[in-house]
Amino acid sequence: MMKSKRELNTVNTLKKNFHRLGHRFTNQRESIWRLFNNTPKGLTIPEAADVLRKKGIGHATVYRTVKTLQKLGCLHRVHLESGEHRFVARNQPHSHMLVCRSCGRLVEFESCDLSILEKLIAMETGFQIEGHDLELFGICPQCRASN
């Protein structure tokens, strides 16, 4: 199957980033990345492992690769009310998620100027703030329209 230029650049970037961490970017890891990158609603690790088992990729490989992709900023972990974590491919370097409580739809958004809040919290606590994660929950327009 022919890869698009964007996919090649993404895979080449991932290879470089994995090597920078001292890991090889194997065909199995590429398959794991492609699964998440092609699943807009994201997947839990068990869901991904079930799909990838048919390709001979084990649960431990999926788990370790997801954790590495998350560390590299390629996957966003979304904590759902059910207590499970879904992992979604990021399209932007710094982004957050809107989560529909009804259908589970995930929408990525960029805008979140929390710089003033981060400075205030740093001053109050003495922490050196290194980053943040933000998830907003609600009901998407499609679910609101159908109710």
Please list the three semi-axes, largest first and in whole Å, of the ellipsoid equivalent to the chain, using sqrt of 5 times the eigenvalues of its alpha carbon gyration tensor. 28, 22, 15
Burial-style ranking of 18-24, 102-108, 32-38, average other-beta-carbon count within 10 Å with highest first, yields 32-38, 102-108, 18-24
Find how much the distance from GLU84 to SER115 grows on full extension, using 0.36 nm per residue of separation minus their present alpha carbon separation; answer in nm with one decimal. 8.2 nm
Which of the peptides 132-141, 48-57, 62-71 is most tightly packed, and how do the rest follow, judged by the mean count of other Cβ atoms within 10 Å per residue? 62-71, 48-57, 132-141
At 0.36 nm per residue, minus the direct Cα-Cα distance, what do GLN142 and VAL107 gain on full extension? Give it in nm, one decimal, please. 11.3 nm
Hey, got the dipole for the chain? About the Cα centre, +1 on K and R Cβ, -1 on D and E Cβ, debye to the nearest 20? 980
Identify which of GLU47, GLU130, GLU110 has the largest mean-square fluctuation in a Gaussian network model of the chain, with springs joining Cα atoms closer than 10 Å. GLU130
For the chain, what relative contact order do you get, as a whole percent, if you take Cα pairs closer than 8 Å and at least 6 residues apart? 17
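Bear in mind these aren't lab numbers, they're just calculated from the coordinates by the rules spelled out. The structure displayed is predicted, hence computed values, not measured ones. Cβ sites come from the backbone with ideal geometry, for glycine too, and all protein chains shown count toward neighbours.
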